[in-house]
Structure formats: structure tokens, C-alpha cells
1. In Å and whole numbers, how far do the C-alpha atoms of the chain stretch along each principal axis, longest first?
2. Residue 330 to residue 87: FRET efficiency via 1/(1 + (r/R0)^6), r the Cβ-Cβ distance, R0 51 Å, to the nearest 0.05?
3. Quick one: pull the percent of accessible area on the stretch 44-109 belonging to carbon and sulfur, 1.4 Å probe, ligands and nucleic acids left out.
4. Ordered by packing density, taken as the mean number of other Cβ atoms within 10 Å over each peptide's residues, highest first, how do 265-271, 69-75 rank?
5. 5 Å is the cut-off here: which amide hydrogens, built 1.01 Å from N in the peptide plane, fall below it relative to residue 208, excluding neighbours closer than 5 in sequence?
6. Provide the per residue accessible area, probe 1.4 Å, for the stretch 380-470, rounded to a whole number of square angstrom.
7. How much length is gained if the chain between residue 432 and residue 148 is pulled fully straight, taking 0.36 nm per residue apart and subtracting their Cα-Cα distance, in nm to one decimal?
8. Sort 410-420, 224-234 by the packing proxy (mean of other Cβ within 10 Å over each peptide's residues), most packed first.
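The values are calculated or read from the model by the stated rules, or taken from the named source; none is laboratory data. This structure is a prediction, so every number in the text was calculated from the model and none was measured. Methodologically, a virtual Cβ is constructed for each residue, glycine included, from the backbone with ideal geometry; neighbour enumeration extends over all protein chains shown. These area figures cover heavy atoms from the full protein model, side chains too; ligands, DNA and RNA do not enter into them. Shrake-Rupley method; radii C 1.70, N 1.55, O 1.52, S 1.80 Å.
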Amino acid sequence: MGLKVLKFGGTSVGTVKSITALKHIVEAEAKDSDLVVVVSALGGLTDRLIATADMAKNGDDAYLHEVEAMQKRHHDMIDAVIAEDKKGKLMKYTDTLFDDLRNVYLDIFRRKELTILDNAEVVSFGERLSSRITATMIEGAEWFDSRKYIKTTTKHDKFLLNQDLTESLVKKTFKKFLGRAKWQSQFPHVSVIPGFISSDSESNIVTNLGRGGSDFTAAIIAAVLDAEVLEIWTDVDGFMTADPRIVEDAYTIDEMTYTEAMELCNHGAKIIYPPTLYPVCQKKIPICVKNTFAPHVHGTDIVNSRNTSSAKNVEVFCGLSNMKGITLIDIDGPSLNDVQGIHRRVASCLLEKGVEPLFINSQERKITIGTKDADCHNAILYLNREFENAIRAGRILPMVAHSGMATVTLVGEAIQQNSGLQARLARLLSSDGINAEMFIESSEKNNITVVVEQRCLNKTLHIFHQHLFK
């Protein structure tokens, strides 16, 4: 009997139907394995908690109605999925948490201020509530408070995992898992953990692991406890060869490597937040992405190296990712290369100001930066300031922005074995009247990105999928 870590996202606990499906999945897997179950907040709740905090900060007392609505949603969930003999205790716990939440909002309302610590405490209520409901619903499950063993330190207003302390506390908390083939009978078969939330290493103030935090919680637990597998349960069948909302004949990718999964996610796929993969990748623990609403479907296995002989595609490409809402910023000029350290300064200037470029493409006399549309204004502002003297001297021209762009990224470790691939992709697009603004090939040669006008995005995806994946 081994150990599995199962993570369920917000869509898997958002409705009576989905959380009931979760219960059936956990009960079925608990027959053969010890389980740690990590859950997110009810679907959409985290955004609502944040929006309500903004209402309180802005002096809008309608935040009280929002709290009432959120409390009723949890009451309705408890009424629907919890046995009668357990409802009273869980309702009392839930109401106590909502009383605490009201006090947090009231403090924000009075101060007219919302700090990062306020925000961290507010959003923590989502996972604390959903995990208690889940633990109560599953017979014999035990609830563990992740604030006691997932620890962070704060740096530049960001909560960073305190890895050494967290690993020590996780081992101490779950020592029943370590070095044992099977739990003793007095221990529960299933442990339920709230994902995302944590606490400060020194003060114990509530913090969180940021975007993708519940996935990260699950990965940390799986890595420290040497789990057999990390299962990510969501509302899709796994990673697809392309966005199925655009490419109707896209199909599930049976198997991919950690690197391929990270590249797909970094370039637009929303299945997993990439940092999730690092702890389990280091331990070579496989990840399986499965659909809560179709548990019989195999899903996608993410492994250290995949069996290319069984791949559906003889060229062993993995999949296509896409992003839209992109602006290109050109840095051009007659003496561009004479500006000392220009490439390093471009990247550091943006990153230091909190603007993360999607890519930086250098040509002989031009540097092109890809940003999200929302980051474009600030990026140009910071770059103009950084190179103010060079612009004034005429060595660099003022920044030029081109909005309305999109990217399509082909991912696969076999790309490096396909010489002439860029020319082939360009010909495919050209034959259909699509102009490729630029191609960007990663230094590791495991992905290649084409930039096109956003109006051509869907057509580009169809062309690539038709020729590379069928």
C-alpha cells in the first residue's frame, strides 16, 4: 500500500455535483492507497473574497451582504453533502469562521486600507472552509491545518517558501507516512489539507503560496513524503494537443515530460501553474492530470522521460499553446549595439519594476519585447527612462508598440531533432496568407514560438494542428 497525493481544484469542490464526485474518487482510491487530499476553495470564492475586501477598503458597507451570501453558499453545501449527525458541529465551525471573517473586513472598513497581510488572511478563509467540509464528508478522514507546517518568509512583499523549515515540519506532522509500508489501524486512511495557505516562519501570521498555491502545497507534500504519484484533479481530461475550444479535433496527450508540461503552461496552457512541478520533478515523482467529472478517462501522465515509441505522432511533438492580448515593443536605432549592456539592461529594467516580459527577441539592429497588453504602458515608460540619454543622443529611437498580437508555441523535446522546422512552419502559414511576425526558438530547443496578428490566431492553430498532429 503506497501513498498518493490528490489535489482538487476549485471546480472540483464548487458544486454539490463536483464535491460528490470528489468523494467517490477518494473513496475508490482509498481502497488501495493511503491518501493525502489537498483542496482549493469553492470555485470562484477566492475572487469573491478579494472583491469583498476591496469593497470594505473603499468604505462600501455592502460588503456585509457579500459575506452573508458566501456564508449561505457554504451552509447550502453542508446541507447537501454532510450527514445529519455531523452537520451541527460543522455548521458551528463554519459560522465561527465567518464571524472571524466579518471582523477582518470590519477592520479593513474602518482603516480604509488593505495590506498584503490583510489580503492573505482574507483569502485563507476559502481553503479553511472547503477543506473542513471535505474532511467531514469523507468517512474517517482527518483534517490537518497547513498553517502549522507550510512556512514562508516575506521578501519584497512576496511570501516565499521556507523550504527547510517546511520540510522538517511536514515530516514531523506526517511521520506516520515515513518508512512505513502501511498505516496502523488507529490512524485515518485519508488526510485532508487546505491548499494555498501557510504562515510566517517567525510570527505565525497567515500567509499564502500565491498563484497556483494549492498545486504547490500538494507538490510539496508529495515530494517530502516520497509519494508514488501526485494526481491533479480538474475539469478537463488532461493536457490537450491544442485548445479544444478552438481546435475541435484536439486530443488528450497521454504522456509528456516535466519539461514539456512546464513549457506548455509557460506559453498559455492553464492546466497547472509551472512552479508546482519543481518539487516533484526533483524527486521524479509522476504527476497525473485527471478529470473529476470523468474519472474513468486516463488523463495525462507527466513523467521524467516519455516512451516515444508509443506516441501518436511520429515526430513526437507534444502540443500547442497559445496566448493572445500581446503587444510587441521595438527598440531600434542606428547605434543600438553601441549602447553598453543594452540586452542585460532591457531585462533587468523591466524585472526590477515588476514587469515580466513574455519574451525578448534580439536581432542584428533591433530588440523586440513581448508583453501582455496590460503591461505595455509601464514597460514603455520604464524603458524610455532607462535609455533616456541614448534616445536623446539619437542612438536609440523612441519605443514603438504594436498591439493586437498573439503567439502560438509548439512544444516537444523532439524539436531539436527537426532541422528546418522554422522554415516549414513559415511555409505552412504563408501558403494560407498568414504573415509570421517573428519566430522565437528556445535555447534548449524544446519549443518554438510564432508571433502572428491576433485575428490569425485560430487559423494558425488549425493549420499547425492539421499538419503536425494528424
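1. Over the chain, Cα extents along the principal axes are 76, 60, 39 Å.
2. Values: r = 62 Å, r/R0 = 1.22.
So the FRET efficiency works out to roughly 0.25.
3. Working: 1720 of 3380 Å².
Reported share for carbon and sulfur atoms: 51 percent.
4. Values: 265-271: 18.7, 69-75: 16.4.
Ranking, from highest mean packing down: 265-271, 69-75.
5. Answer set, sorted by chain and number: 198.
6. Numbers: 4560 Å² over 91 residues.
Ligands and nucleic acids excluded, the result is 50 Å² per residue.
7. The span from residue 432 to residue 148 would gain 96.5 nm if fully extended.
8. Working: 410-420: 18.3, 224-234: 22.0.
Listed from highest to lowest mean packing, they are 224-234, 410-420.
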